[in-house]
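This report concerns only the one structure given below.
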Amino acid sequence: MKSITNKVMLPFFLLFFSLTFVNAQEIIKDSVAKVVAKVPVSSTKKLKIDGVVATVGDYIILDSDIDKGFLEIKSQGGSTTDVTRCQVLGTLLEQKLYAHQAVQDSIIVSDAEVKGMMDERLSYMLQQVGTMEKLVQYYQKDSEEEFRTYFFDVLKEQKLTGEMTKKIIDKVEITPEEVREFFKKIPVADLPVFGAELEVAQIVVKPKVTEEDKKRVIDKLNGFRKECMEGASFATKAVLYSEDPGSSKNGGYYKMTRKTPFVKEFKDVAFSLAEGEISEPFETQYGFHIIYVEKIKGQEIELRHILIAPVVSQESLKEAKEKITLIRKKILDKEITFAEAARTMSDEKETRANGGALVNPKTQDTHFELTNMDPSIYKQVSNLKDNEISTPFLEDKEGKKYYKIMIVTNRIDSHTADYAKDYIKIKDLALKEKQIKAIAKWFDTKIKDTYIKIVDEYKDCAFTNNWVKK
């Protein structure tokens, strides 16, 4: 297991860990133009200008970027004992090539997206550091404005890097035969060992929302719509009032195509609107929405939305608890099985057809490793015996309240990987290995086609990729 994990997972970890670096890197065209203004990128007379150690396309890497790379590893609790400057530089070179090629491939990252990322990241950083003044000082900037400008550029580059990476690996697919060959090549002594797992099922009863509750929300959204049509900022309204945790901080912004995994009702309304139009309030399983379409680019639209869910009354909550308590009693009295009750009485359509069985979103099968189980699920099922039904409990998730009962339908002990039983996990490992190879091939090709210069001090580094084009 150890050797397989090292071969397959470590490169992937390093790839995505590079996206978390907050380093002092700017695009040549913008903030560092003064540094290179007198020496063209193609110049071979001078290899190091004011701390520049490498150039990748339109991007540069400074000596101080490497120093900040070490600081970032430490700030996230990592050890730098075995990390060299060459390794950090190698990671930065990868990030620069991703970002440079993203621009060449016309991958668009909007300012609104980056601002949303920045607001979220700054909120977290301020919780850790305490004050903006400390942040400004930590990043050696002269003012908050300078720091925000710098941080915006860094996050935009990271977003470009992420989008470019996604574009590469999204094209990679794997066949059952390739999975079989991958598994056959693993020495018996190195076969992965998978931890203890559970299969669980649930029945959900959602409190009923009254027509009066719905009307209050619809009236509120209609008010916002009217104000925005008269000139008010839709983005500001979304920040202040939207209950969508995924977009409210970003002014309700989403970019989507018809293949983007949004619920059907949302996509139907979004793609029926003209650019600049605001929808009437409409309902989905999450509540009521209004949508404002900002831009239409071929098959892609950029939009903002506001989501508000009706507030559930105490009376409705009481009725929901009584209903699920009665369902549990019928199961205990053998009047109906858990699976039958889930299919006919559960209000959760995602699990209803499967007899209430939960699907692990990470693996897309029904197995949940105990060590990696969602804490909210683990809390309810960890002490249950086989086929024991939990007592009804109220779950409040992202402002939505509903009652649940759960059951453990199967336990799987810790075991060495078995091709038939663990096919999905093995397929995931095989796919990751194939994605890593695709990324390596991409690097080989793009390095040859991209202007890259590294100063003599770092040319002898044992890079994973052929940055010095030997």
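The values are calculated or read from the model by the stated rules, or taken from the named source; none is laboratory data. Bear in mind the structure is a predicted one, so any value in this text is a computation, not a measurement. Virtual Cβ from ideal backbone geometry, glycine too; neighbours counted across all protein chains shown. Keep in mind that these areas ignore ligands, DNA and RNA; they rest on the heavy atoms of the full protein, side chains included. Shrake-Rupley method; radii C 1.70, N 1.55, O 1.52, S 1.80 Å.
Things worth noting here:
- A Cβ-based charge dipole, computed about the Cα centre of the range 377-470 with Lys and Arg at +1 and Asp and Glu at -1, lands at about 360 debye.
- Relative counts (whole %) of C-alpha pair distances in the range 249-298, using bins that are 5 Å wide: 4, 19, 33, 30, 12, 2
- Rh (Kirkwood; distinct C-alpha pairs) - the range 227-383, Å: 18.8 Å
- The range 99-198, accessible area per residue, ligands and nucleic acids excluded (1.4 Å, Å²): 55 Å²
- Across the range 250-340, Cα-Cα pairs more than 14 Å apart make up 71 percent of the total.
- Rg of the Cα atoms in the range 332-470, relative to 2.2 N^0.38 Å, amounts to 1.70.
- Here the average projected area of the convex hull drawn through the C-alpha atoms of the range 105-144 stands at 3.8 nm².
- Over the range 172-288, the hull volume per residue, using the convex hull of the C-alpha atoms, is 210 Å³.
- Under 20 Å from the Cα of Lys330 - aspartates and glutamates, other chains or at least 8 residues apart: Glu319, Glu322, Glu340, Asp347, Glu348, Asp386, Glu388
- Selection from Leu191, Val172, Gly223, by position along the positive dipole direction of the range 169-292 (Cβ): Gly223
- Residue-averaged 222 nm ellipticity for the chain, from DSSP H runs of 4+ at -39500 (n - 2.57), nearest 500: -14500 deg cm²/dmol
- The chain - Rg (one decimal) and Dmax (whole number), Cα, Å: 26.5, 87
- For the range 275-400, the relative contact order comes to 12 percent (Cα pairs under 8 Å, sequence separation of at least 6).
- Value of D in µm² per second that Stokes-Einstein yields for the range 144-209, Kirkwood Rh from Cα pairs, at 37 °C (0.692 mPa s): 180 µm²/s
- Entries in Lys318/Lys385; Lys206/Lys329; Lys226/Lys259; Lys323/Lys349; Lys362/Lys401 that, when Cα-Cα distance is taken, lie over 22 Å: Lys318/Lys385; Lys226/Lys259; Lys362/Lys401
- Average Cα contact separation per residue, the chain, under 8 Å, 6 or more apart, as relative contact order %: 21 percent
- Dipole size of the chain about its Cα centre, with +1 on Lys/Arg Cβ and -1 on Asp/Glu Cβ: approximately 760 debye, rounded to the nearest 20.
- Placing unit charges on the Cβ atoms only, positive for Lys and Arg and negative for Asp and Glu, gives the range 99-169 a dipole magnitude near 280 debye about its Cα centre.
- Note on the range 120-185: lysine pairs with Cα distance below 26 Å, sequence gap of 8 or more or different chains, count 11.
- Share of carbon and sulfur in the accessible heavy-atom surface of the chain [1.4 Å probe, %]: 52 percent
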